[in-house]
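Engineer: I have a structure I would like to understand better, so I am pasting it below and will then ask my questions one at a time.
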Amino acid sequence: MDSVRIRRSDERILDRRGLDLLIEVLRGRGYRVVGPTVGDTAIILGELDSGADLPAGWGVQTGPGLYRLHRRDDDAVFAHSSGPQSWKQYLHPPRRQLWSTDRDGPWEPPAGDETPYAFVGVHGCDLAAIAVLRRVLCPDPDADTPTARRFRNLFVVAAHCTEPGGVCFCASMGTGPAAGPGHDLALTELLDERGHRFVVDVGTEAGGAVLGDVECRAAESDDIDTARSAVADAAHGMGRHMPDTDLRGLLRRARDADVWQEVADRCLTCGNCTMVCPTCFCTTTEDTTDLTGEHAERWQHWSSCFELDFSHLHGGNVRNSGESRYRQWMSHKLGTWFDQFGSSGCVGCGRCIDWCPVGIDITEEAARLSHLLPPWEDDR
Ligand code: SF4
Ligand code: SF4
């Protein structure tokens, strides 16, 4: 796997003050700048008023059903793996109004706030997730819709990952630890006797223009080599990996196999895994009217294939058991997503493992299936 994509010709060095300036410049250019912050005993995403809002000196410990913040003995700002939220909440909001109307009035789409976003600190897995969401939600990327405009106007400052967590497996999904295409700028954070600094590579012209407004210097070879090895080492430090097998064929073979009850016996069908997943995109709609019957609204909100009513068709639910709902989720993520959208629906961020209250682990379930159902010749 090509895990390090830092191009030697473009690299610059930002110091810690330079990162703060980068955020100021993005705000000055009219972006709503969003990045990691500390809140609610987790690394959560929030609007950055300045670089002081970044989680300097905080790290995380992760495992199945486990997420703990801890203080680090340095001031790293991006040395944490995925938190409970993802960038999805900005690109595909959890709840939004589709329209409203009055009895004799016009049908009104809501006046949306279309301030463009700049995301700061996007790891490789999440950059891949943004690309997946873009394919799913904007089949026509040039469409004149609020969602397509949100993706088009997005500015991304990626953070090549140097400190993967216990549930990370992006290296085995080919989505990290280096951030792939889709970033405007990408940073590798370095902290050593030479100071706290970021090797920056420029991904787009827009990235170059923004960086031109920030004081930075040319990177030296030592810095570039140190950055490359930190990212390469991260590929070997992942706590998990997805089995190296044809997952699409595996899930197809598993459809009618007698293997799903065991995981269903543990699964609470709570839907946490789908809510935290950066690529799960399912929604439902609800209509409301006021008590006078004069005003009506339609809202869209996130939904989950673990909800019983999600499979309601013509007077009945077609996936009544936890077994059928877990099978649906995993088969879609790792199998039929390829047929629909041309890629895996899983980017290896590990959130569903962290935030599953009973610690169900998609990599363990895939490994169990691959042992029980070895490949057939005609899978490939
Ligand atoms: S399925 Fe789990 S590991 Fe894969 S992208 Fe979704 S939350 Fe991350
Ligand atoms: S796998 Fe875990 S997080 Fe997902 S629905 Fe089941 S219990 Fe909830």
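Engineer: So in region 332-380, with the set limited to residues that are away from ligand 1 (no atom under 13 Å from the Cβ), among the small types (G, A, S) and assigned to a helix (DSSP H, G or I), which one is surrounded by the fewest Cβ atoms within 10 Å (Cβ to Cβ)?
Structural biologist: Ranking the candidates gives A367 first.
Engineer: Keeping to region 22-41, report how many residues are part of a helix (DSSP H, G or I) and exposed (fewer than 15 other Cβ atoms within 10 Å of the Cβ).
Structural biologist: Here the count works out to 1.
Engineer: Of everything in region 119-157, what is open to solvent by 60 Å² or more (accessible area, probe 1.4 Å) and touching a strand residue (DSSP E or B) at 6+ places or on another chain (Cβ under 8 Å)? Give them in sequence order.
Structural biologist: Passing the criteria: only N153.
Engineer: Could I ask something else about it? Quick one: which strands (runs of 3 or more DSSP E) sit completely within region 49-158 and have at least 1 residues that are closer than 22 Å to S304 by Cα and not hydrophobic (A, V, I, L, M, F, W, C)?
Structural biologist: Per the criteria, 95-102.
Engineer: Return the only residue of T274, T285 being β-branched (V, I, T) and within 11 Å of ligand 2 (Cβ to nearest atom). Steps first, answer last, please.
Structural biologist: On the way: T285 fails: within 11 Å of ligand 2 (Cβ to nearest atom).
Going through T274, T285 in turn, just one is β-branched (V, I, T) and within 11 Å of ligand 2 (Cβ to nearest atom): T274.
Engineer: With a cut-off of at least 2 residues that are closer than 22 Å to W355 by Cβ and among the aliphatic types (A, V, I, L, M), name the helices (runs of 4 or more DSSP H) lying wholly within region 232-309.
Structural biologist: 261-266, 272-276
Engineer: Here's something else I'd like to know. Can you tell me which residue among R298, R327 is within 14 Å of ligand 2 (Cβ to nearest atom), open to solvent by 30 Å² or more (accessible area, probe 1.4 Å), outside the structural domain of Y90 (by TED's automatic domain parsing) and basic (K, R)?
Structural biologist: R327
Engineer: Looking only at region 222-243, decide whether some residue is of a type in the set (D, E), touching a residue at least 40 places away in the same chain (Cβ under 8 Å) and open to solvent by less than 40 Å² (accessible area, probe 1.4 Å). So that I can check it myself, show each step before the final result.
Structural biologist: Narrowing region 222-243 to residues of a type in the set (D, E): 222-223, 225, 233.
Adding the requirement that they be touching a residue at least 40 places away in the same chain (Cβ under 8 Å) leaves 223, 233.
Next cut, open to solvent by less than 40 Å² (accessible area, probe 1.4 Å) only: 223.
Taking every residue of region 222-243 in turn, at least one turns out to be of a type in the set (D, E), touching a residue at least 40 places away in the same chain (Cβ under 8 Å) and open to solvent by less than 40 Å² (accessible area, probe 1.4 Å).
Engineer: Residues that are within 15 Å of ligand 1 (Cβ to nearest atom), in contact with a helix residue (DSSP H, G or I) (Cβ under 6 Å, 6 or more places away or on another chain), part of a helix (DSSP H, G or I) and not aromatic (F, W, Y): does region 312-331 have at least one?
Structural biologist: Yes; the residues of region 312-331 include at least one that is within 15 Å of ligand 1 (Cβ to nearest atom), in contact with a helix residue (DSSP H, G or I) (Cβ under 6 Å, 6 or more places away or on another chain), part of a helix (DSSP H, G or I) and not aromatic (F, W, Y).
The values are calculated or read from the model by the stated rules, or taken from the named source; none is laboratory data. Because the structure is predicted, anything quoted here is derived from the model rather than measured. As a convention, Cβ positions derive from the backbone with ideal geometry for all residues, glycine included, and neighbour counts pool all protein chains shown. Each accessible area value is taken on the protein alone, full model and side chains, heavy atoms only, with ligands, DNA and RNA left out. Shrake-Rupley method; radii C 1.70, N 1.55, O 1.52, S 1.80 Å.
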